[in-house]
Amino acid sequence: MYNSKDIEEKWQKQWDKDQLYKTPEHPKKKQYILDMFPYPSGAGLHVGHPIGYIATDILSRFTRMSGYDVLHPMGWDAFGLPAENYAIQSKVHPRITTRQNTDRFREQLKMIGLSYDWSHEINASDPEYYRWTQWLFLQFYKKGLAYKKEAYVNWCPKDQTVLANEQVIDGKCERCGTVVVQKLLSQWFFKITDYADRLLEGLEKLDWPKPIKLMQKNWIGRSEGAEIDFLLERKFKYVFLHGFDGSSKGSFWPWLINELENKKIQSLIFDLPNTNNPTEEEQVGFVLRNAQFDENTVIVGHSLGSVVGLKVIEKLRVKIAGYVAVGGFLEPKFKDHPRIFENSFKWNFDFNKIKANTGFRKVISDLNDEVVPAEQGRLLAKDLSGDLVETAAQKSHFQGRMEPAVMDAILPSIKVFTTRPDTLFGATYMVLAPEHPLVEQITTPEQKNYVINYVIETKKKTELQRTALEKIKTGVFTGAFTVNPATKEKIPVWIADYVLATYGTGAIMAVPAHDQRDREFAEKYKLPITDKPLLSVAEAIKKFGRAKVQYKLRDWLISRQRYWGAPIPIIYCENCGMSGEAGSASGGQMIPVPEEDLPVLLPTDVDFLPTGESPLARSKKFNQVKCPKCNGPARRDHDTMDTFVDSGWYFFRFTDPHNDKVFADKKKVKEWLPVDTYVGGADHAVLHLLYARFFTKALFDLKIVGFEEPFLKLRNQGNILGPDGTKMSKSRGNIVNPDEVVDQYGADSLRMYEMFMGPFEDAKPWSTTGIVGVKRFLDKVWRYQQVFEAGPDNKQIHKLVKKITSDIENFKFNTAVAAFMEFLNENKIMSKENWETFLILLAPFAPHITEELWQQLGHKESIHKQVWPKFDEKLTKEKMVAVVVQVLGRVRATLQVPSGSDQTVVKKLALADAKVKKNLEGKEIVREVFVQDKLINFVIK
RNA sequence: GCCGCGGUGGCGGAAUGGCAGACGCAAUCGACUCAAAAUCGAUCGACCGCAAGGUCAUGAGAGUUCGACUCUCUCCCGCGGCACCA
């Protein structure tokens, strides 16, 4: 028996003092071995936590001894909800609890003898760290990768914050299990969808567990298919209004009218009076006198015609179907000749009246317009609450002879995404998501109330209810019909919440003959199912649509309405918020905080009570800010960033943790990264691991780093379960505390037992009796030092070197520990030299006891500075081998023969064996199977 | 529902086409001891047999093979992921 406590504490102090694990400033031959960034919880470690740390520690020690410079750091993912929730209860500031918790964690990790270089320690909640989180946000912002938009987002009513899709599990909050609801909010997103394809392709080269790759692949959810347009069946009557200096024969009009005639659609176009010198009264009056308007009329105006259209609609006594502005504007500001109509038209509009008088409104604007600024289209669409289509016209300002975009805009069509364009003939109805933007436009007056009620009902449901297990499909008819482009049949348009607004186009063609869901819906609502012949995918795409790739992945929502996180470094200035400027929002113009003003510090004068608004909004200090542009009073963004943003880049910071000039020195990043071996739990498969890959790719595009994949090799540790075989948890009362285990058996025993329990990646229960096995082994090692003497046992030690080396490389730590035990069982006597080799092999597993024994042998230098032993392949081979003799596949004898013996020799010996002879008696050998050094099998008849 | 991983003694597990159960725990017996602990030695899948030996056995059933825990198919059970993704 040895006293683990004395020697473990002694050597831990000594190693600290000697800076044994100091990372070299610049590596010659590097390995970066990393554990996933832990959250320092208040409960401290249980024995399940360090299993991965022990594995990376063994690997790091082994790798150092094999001649590499190793970066093996540890730090804290210290921002997050638990510290904040604790603060709400206890009134203790998260900064204080975080400090206490990290101190506790560090102490426990040191107790286990882990060889981290603590001079590289980082903490995500430290301003020195989150300054660079904010800096990275600004780089993303500049590149358009960080943007703010209004969208339906996941909202946790308990934690009072929004969540990313990845953080909603089974419709519930990942943190607290509360059912998540959908809210329409303006939030910050990272544009991870831009990287969908690269995130998918990048997986191929990585040495990662297959299930993790598959989960990421499924999460990205790429599917190839087609987008197909279904034209609305409703017969509109068009009234066309040409622009300044135009005519019914000018620009695209003759082509458009001809196209509509072919489709048997009614249209009317005038030559407006005084086209070179128009006045509002004259033109509007002309239109009102010469055209008739009813519920099917659509007014389409080009350029100044769109203004005439608006003025006409203001004066109508009837409601019309819709209004389309092509290259329209609402102020006489032109690029070529400014303010030409300033006085002949009145530049104010009664938009409320216009909206009330029109079923739908649409603005189509040319992004390369040389006459009307594209901005005018945006403003017009906004004031109209209409759809905006920004496109590139054939000729600037839609002055081409043919403008297909105009056709698309005026003939309402519904786009669907399908992976089965070949079943187009079988599409017998169509379904839109209740949130689809066209719902209002296409619904007929008779169906309006039903549709409105259904949409309201849908909004009340949570995401969980919408996707509930029963999956009872509901829906309502809009009154509208579209035309199936393949069969030319009229098919009804429904809305139903089994169609998701957020995927594809938010609309589907329903093929009940081929799709289970569509069939269920069709049966319930008595919609036709008729089975039509298939056409080929290629043919369908070519004739009726265009190829399209869709992803399930959505952009990463990073705003959190909580306190304990990195503030989003954006300022809003009303003064600078000139209308129309890109980036303006209702709260003023968005201005990124200048880099030299970082970090935006978390204020201390806040209470943390979550109210749905970020606690930062209630800080006086935080909100006393001047606009960096105009120096006037301004307002800060009150939200903080998702903690997964902090952990998205921490592995860069570890290379250069205290740099106050850059987020990490370029040279150091280049020297150490990417991470060679990364170890952590499989629960981060689509969270942290996807985000970190996105970060790295984005930084690659920003030319900040020179590689695209952060983690070359990934291994997941299996959970250690409680002794009862269930997950360790406070509520079950089955938590095993490592402090007690170390106290009773020592850190070396804890380390070796965790490695011995079973395969590294499997879940396995802790056994309170099982650990005594490794403790007995270490006691045996301790006693052995007294008894070694000369012995010719080289073969065994060479075999052991080979076995331990390959087992560490392959993460087969359990069989490595078994091999140590076996070796000692089989070698009662050995030379001092071989004993020392044994200790060196054991050192990464049991660093304390081996160091003590090593120095007792008279060595002055640490065992952990020794060179990893090499083995001689020849010496690992046995001279004599056991060869099995089988008759009909059944073992009848075992022979000891010189290794490498050939078939004739083995056969001769086998046939001489009495038992074999007996089994072969009177039988004919029809075949012999011989595997050298393994077996010979006689097949008899 | 779909996708993935797994199922081996009383227990944790080993063996990835070639002697199933390495290594460890627990258990039983023995040595040492006045005794206990520690340590050392032996036994340890089931069944038949005094023994030599034989038969069965890796969730169930089939198949491929001279030979299957290992490969293929069907089913059962457990765990994890996704979940109306068109």
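The values are calculated or read from the model by the stated rules, or taken from the named source; none is laboratory data. Since this is a predicted model, take the numbers as computed values, not measurements. No Cβ is skipped: glycine too gets one built from the backbone with ideal geometry, and neighbour counts run over all protein chains shown.
Filter region A:546-574 down to the residues that are basic (Lys, Arg) and more than 16 Å from RNA strand B (Cβ to nearest atom), then identify the one that is surrounded by the fewest Cβ atoms within 10 Å (Cβ to Cβ).
Among residues in region A:546-574 that are basic (Lys, Arg) and more than 16 Å from RNA strand B (Cβ to nearest atom), the one surrounded by the fewest Cβ atoms within 10 Å (Cβ to Cβ) is A:562.
Which residues, counting only those in region A:183-198, are in contact with a strand residue (DSSP E or B) (Cβ under 7 Å, 6 or more places away or on another chain) and among the aromatic types (Phe, Trp, Tyr)?
Looking only at region A:183-198, we keep the residues that are in contact with a strand residue (DSSP E or B) (Cβ under 7 Å, 6 or more places away or on another chain), and these are A:183-192.
Within region A:183-198, A:188, A:189, A:190 meet the criteria.
Given A:512, A:569, which one is under 34 Å from the mean Cα position of the chain (by Cα), more than 30 Å from residue A:432 (Cα to Cα) and modelled with pLDDT of 85 or more?
Answer to the check: A:569.
Within the group A:189, A:240, which residue is of a type outside the set (S, T, N, Q), in contact with an Asp or Glu (Cβ under 6 Å, 6 or more places away or on another chain) and crowded, with 18+ Cβ neighbours inside 10 Å?
A:189
Report every pair of residues separated by at least 6 positions or lying on different chains whose Cβ atoms are under 6 Å apart, first residue within region A:182-193 and within 14 Å of residue A:701 (Cβ to Cβ), second charged (D, E, K, R).
Pairs found: A:191/A:555; A:192/A:555.
Does region A:643-655 contain any residue that is surrounded by 16 or more Cβ atoms within 10 Å (Cβ to Cβ), farther than 30 Å from residue A:571 by Cβ, within 16 Å of RNA strand B (Cβ to nearest atom) and under 22 Å from the mean Cα position of the chain (by Cα)?
The answer is no; no qualifying residue exists.
Condition test on residue A:136, is it under 19 Å from the mean Cα position of the chain (by Cα), away from RNA strand B (no atom under 16 Å from the Cβ) and not aromatic (Phe, Trp, Tyr)?
Yes: the conditions hold for residue A:136.
Which one is nearest to RNA strand B (Cβ to nearest atom) among residues in region A:889-941 that are in contact with an Asp or Glu (Cβ under 6 Å, 6 or more places away or on another chain) and within 24 Å of residue A:878 (Cβ to Cβ)?
Checking each candidate, the answer is A:893.
Quick check: anything in region A:744-760 touching a strand residue (DSSP E or B) at 6+ places or on another chain (Cβ under 6 Å) and not in a helix (DSSP H, G or I)?
Yes, region A:744-760 contains a residue that is touching a strand residue (DSSP E or B) at 6+ places or on another chain (Cβ under 6 Å) and not in a helix (DSSP H, G or I).
Let me confirm something: among A:663, A:654, which residue is in contact with a His (Cβ under 6 Å, 6 or more places away or on another chain) and not aliphatic (A, V, I, L, M)? Break it down stepwise before answering.
On the way: A:663 fails: in contact with a His (Cβ under 6 Å, 6 or more places away or on another chain).
None of the other options fit; the residue is A:654.
Using beta carbons and a limit of 8 Å, which pairs, at least six apart or on different chains, have the first residue in region A:824-843 and within 15 Å of RNA strand B (Cβ to nearest atom) and the second one among the hydroxyl-bearing types (Ser, Thr, Tyr)?
A:824/A:784; A:842/A:850
If the requirement is being at pLDDT 85 or above, assigned to a helix (DSSP H, G or I) and surrounded by fewer than 18 Cβ atoms within 10 Å (Cβ to Cβ), which of these qualifies: A:908, A:860?
Just a single option satisfies the conditions, and that option is A:908.
Considering every residue within region A:796-813, establish whether at least one is away from RNA strand B (no atom under 12 Å from the Cβ), surrounded by 18 or more Cβ atoms within 10 Å (Cβ to Cβ), of a type in the set (Asp, Glu) and in a helix (DSSP H, G or I).
For region A:796-813, residues away from RNA strand B (no atom under 12 Å from the Cβ), surrounded by 18 or more Cβ atoms within 10 Å (Cβ to Cβ), of a type in the set (Asp, Glu) and in a helix (DSSP H, G or I): absent.
Might you check whether a residue that is touching a residue at least 12 places away in the same chain (Cβ under 8 Å), among the acidic types (Asp, Glu) and either in a strand (DSSP E or B) or touching a helix residue (DSSP H, G or I) at 6+ places or on another chain (Cβ under 7 Å) (or both) occurs anywhere in region A:346-353? Give the steps one after another, and end with the answer.
Going residue by residue through region A:346-353, those that are touching a residue at least 12 places away in the same chain (Cβ under 8 Å) are A:346-347, A:349-351, A:353.
Right, trim to among the acidic types (Asp, Glu) and you get A:350.
Those still in the list that are either in a strand (DSSP E or B) or touching a helix residue (DSSP H, G or I) at 6+ places or on another chain (Cβ under 7 Å) (or both) too: A:350.
Yes - at least one qualifying residue is present in region A:346-353.
Among (1) more than 16 Å from RNA strand B (Cβ to nearest atom); (2) in contact (Cβ under 8 Å) with a residue 40 or more places away in the chain, there is one condition residue A:164 misses while meeting the rest; what is its number?
Just one mismatch for residue A:164, condition (1).
Please enumerate the residues belonging to region A:1-41 that are polar (S, T, N, Q) and within 16 Å of RNA strand B (Cβ to nearest atom).
A:3, A:4
Of all residues in region A:485-516, count the ones that are β-branched (Val, Ile, Thr), away from RNA strand B (no atom under 14 Å from the Cβ) and surrounded by fewer than 22 Cβ atoms within 10 Å (Cβ to Cβ).
Going through region A:485-516 one residue at a time, the tally reaches 2.
Consider residue A:819 against the criteria (1) in contact with a Ser or Thr (Cβ under 9 Å, 6 or more places away or on another chain); (2) within 15 Å of residue A:755 (Cβ to Cβ): it satisfies all of them except one. Which criterion is unmet?
Of everything listed in (1) in contact with a Ser or Thr (Cβ under 9 Å, 6 or more places away or on another chain); (2) within 15 Å of residue A:755 (Cβ to Cβ), residue A:819 misses just condition (1).
State whether the residues of region A:142-151 include one that is in contact (Cβ under 8 Å) with a residue 12 or more places away in the chain, away from RNA strand B (no atom under 16 Å from the Cβ) and part of a helix (DSSP H, G or I).
yes
Could you pull out the residue among A:360, A:329, A:349 that is of a type in the set (Phe, Trp, Tyr) and over 45 Å from the mean Cα position of the chain (by Cα)?
A:349 is the lone residue from the list that is of a type in the set (Phe, Trp, Tyr) and over 45 Å from the mean Cα position of the chain (by Cα).
Every residue, every condition in (1) in a helix (DSSP H, G or I); (2) at pLDDT 95 or above; (3) of a type in the set (Phe, Trp, Tyr), yes or no:
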| position | (1), (2), (3) |
| --- | --- |
| A:645 | yes, yes, no |
| A:670 | yes, yes, no |
| A:676 | no, yes, no |
| A:686 | no, no, no |
| A:696 | yes, yes, no |
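For the condition exposed (fewer than 13 other Cβ atoms within 10 Å of the Cβ), closer than 30 Å to residue A:9 by Cβ and aliphatic (A, V, I, L, M), what is the one hit in A:891, A:867, A:926?
Selected residue: A:867, the only one of A:891, A:867, A:926 that is exposed (fewer than 13 other Cβ atoms within 10 Å of the Cβ), closer than 30 Å to residue A:9 by Cβ and aliphatic (A, V, I, L, M).
Residue A:923: of a type outside the set (Ser, Thr, Tyr), more than 51 Å from the chain's Cα centre (by Cα) and on the phi < 0 side of the Ramachandran plot, yes or no? Break it down stepwise before answering.
Values: of a type outside the set (Ser, Thr, Tyr): yes; more than 51 Å from the chain's Cα centre (by Cα): yes; on the phi < 0 side of the Ramachandran plot: yes.
The answer is yes for residue A:923.
Within the bounds of region A:887-895, is there any residue that is within 30 Å of residue A:782 (Cβ to Cβ) and in contact with a Leu (Cβ under 7 Å, 6 or more places away or on another chain)?
no
For (1) crowded, with 20+ Cβ neighbours inside 10 Å; (2) modelled with pLDDT of 85 or more; (3) more than 11 Å from RNA strand B (Cβ to nearest atom); (4) within 36 Å of the chain's Cα centre (by Cα), each residue gets a yes or a no:
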| position | (1), (2), (3), (4) |
| --- | --- |
| A:434 | yes, yes, yes, yes |
| A:454 | yes, yes, yes, yes |
| A:460 | no, no, yes, yes |
| A:473 | no, no, no, yes |
| A:478 | yes, yes, yes, no |
| A:483 | no, yes, yes, no |
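Checking the structure you have, find out if any residue of region A:832-842 is among the polar types (S, T, N, Q) and assigned to a loop (DSSP other than H, G, I, E, B).
Start the filter on region A:832-842 by keeping residues that are among the polar types (S, T, N, Q), which leaves A:834, A:837.
Checking the rest, the ones that are also assigned to a loop (DSSP other than H, G, I, E, B) come to none.
Checking region A:832-842: not a single residue is among the polar types (S, T, N, Q) and assigned to a loop (DSSP other than H, G, I, E, B).
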